[in-house]
Structure formats: structure tokens, C-alpha cells
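The values are calculated or read from the model by the stated rules, or taken from the named source; none is laboratory data. Bear in mind the structure is a predicted one, so any value in this text is a computation, not a measurement. In this analysis, Cβ positions are derived from the backbone assuming ideal geometry, glycine residues included, and neighbour counts consider all displayed protein chains.
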Amino acid sequence: MAKEIERKFLVKGDYKNLMTKETRITQGYLSSVPERTVRVRIKGDKGFLTIKGIGNESGASRFEWENEIPVNEANELLKICEPGVIDKTRFIVPEQTGLKFEVDEFYGDNEGLTVAEIELPAEDHPFEKPEWLGEEVTGDVRYYNSMLMKTPFKSW
């Protein structure tokens, strides 16, 4: 079983000249309760099923299990997901110490929202914060994708 440790930030500046990869992502949730979110994702031409547990007190760490599934099965599962599909493009931006930021630019009802996440080997692991990184929103449930499908950014 895996543990996901990540910090999340709003994006306040231009990062696209630093990106190394971009991928379109569509995802929905079979379960969006915080204790166990079950996500179906199509990332590029691959499908994934992901289960996440509830976050710790800081919101930076939680259980995560993910497996690749056939994309046709992911498409079928998306049809039975809870209402509110997430549509976004993910940009990969290398970080100075060898880690990477995943910057998500949202579309549809979440248009105008751009967030950056960085996965860390430990909660207190140091990393360089680039100038384009804005306010930290780690642990703020409004920015969880499972919540953005229920209460989209445009309705805030």
C-alpha cells in the first residue's frame, strides 16, 4: 500500500516556458466521501482506477492505491460516476532539487483555476518554491478534485 505526500498551491505566474510535458485528463468519482474516494481517470490514452483515504491533520499525507485499467473500461466507468466530471490539462514542471510540480489547468465549471502540486518523500522534505507559485492550499478541501466536481470554482 502506498502513501501519498503532497503539497498544493495556487498558481500566480507563468510556468509554461518551464514545462516538459502536458497531458489532458478527464476524471470522475465513483465515491467522493473523504474517507475513501474512488476515482476513474483517463490520462492521455490510458485509464486508471485510484482509491484514496482521508488525509492526515495537515492534509498533506494520505493512503493512495492506483492501477492502470484499459481505457475502454475507464470510459464505461465514467458513465456511472457521480455527477461532475473534472476536465483539465496537467503540465509537468521540474523543480530545482529533482522533484516535479504537476500544474493542473481546469476547464468547464472550474475554468480559471490553476493549481500546482508537488509530491514529496516526507512531509518536511525541503523544495524550492518558484516565483510563479502562489498561496499554499494544502488541506483546503475546496481544492480537492472530488470537491471541485460538487462545488465548482465558478460557483465560489
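Odds and ends about this structure:
- The listed residues are 11, 93, 85, and the only one of them that is within 16 Å of the chain's Cα centre (by Cα), surrounded by 15 or more Cβ atoms within 10 Å (Cβ to Cβ) and farther than 23 Å from residue 152 by Cβ turns out to be 93.
- Members of segment 14-48 found to be among the hydroxyl-bearing types (Ser, Thr, Tyr), crowded, with 18+ Cβ neighbours inside 10 Å and over 19 Å from residue 152 (Cβ atoms), listed by number: 15
- Of all residue pairs spaced 6 or more apart or on separate chains, those with beta-carbon atoms under 6 Å, a first member in segment 137-156 that is closer than 14 Å to residue 54 by Cα and a second member that is of a type in the set (Lys, Arg) are 138/7; 138/8.
- Among residues of segment 138-156 being of a type in the set (A, V, I, L, M) and surrounded by fewer than 18 Cβ atoms within 10 Å (Cβ to Cβ), the one that is modelled with the lowest pLDDT is 141.
- Checked against (1) within 15 Å of the chain's Cα centre (by Cα); (2) modelled with pLDDT under 95; (3) of a type outside the set (Lys, Arg), residue 98 passes all but condition (1).
- Evaluation of residue 107 against the conditions (1) within 18 Å of residue 22 (Cα to Cα); (2) surrounded by 15 or more Cβ atoms within 10 Å (Cβ to Cβ); (3) aromatic (Phe, Trp, Tyr) shows that the sole unmet condition is (2).
- Filter result (aliphatic (A, V, I, L, M), within 21 Å of residue 75 (Cα to Cα) and without any contact (Cβ under 8 Å) to a residue 60 or more places away in the chain) within segment 13-43: 30, 38, 40, 42
- Count - residues of segment 1-36 that are closer than 16 Å to residue 116 by Cβ and of a type in the set (Lys, Arg): 5
- Out of 123, 131, 66, sole residue that is farther than 24 Å from residue 30 by Cα, surrounded by fewer than 16 Cβ atoms within 10 Å (Cβ to Cβ), modelled with pLDDT of 95 or more and not hydroxyl-bearing (Ser, Thr, Tyr): 131
- So residue 51, is it in contact with a His (Cβ under 9 Å, 6 or more places away or on another chain) and surrounded by 15 or more Cβ atoms within 10 Å (Cβ to Cβ): no
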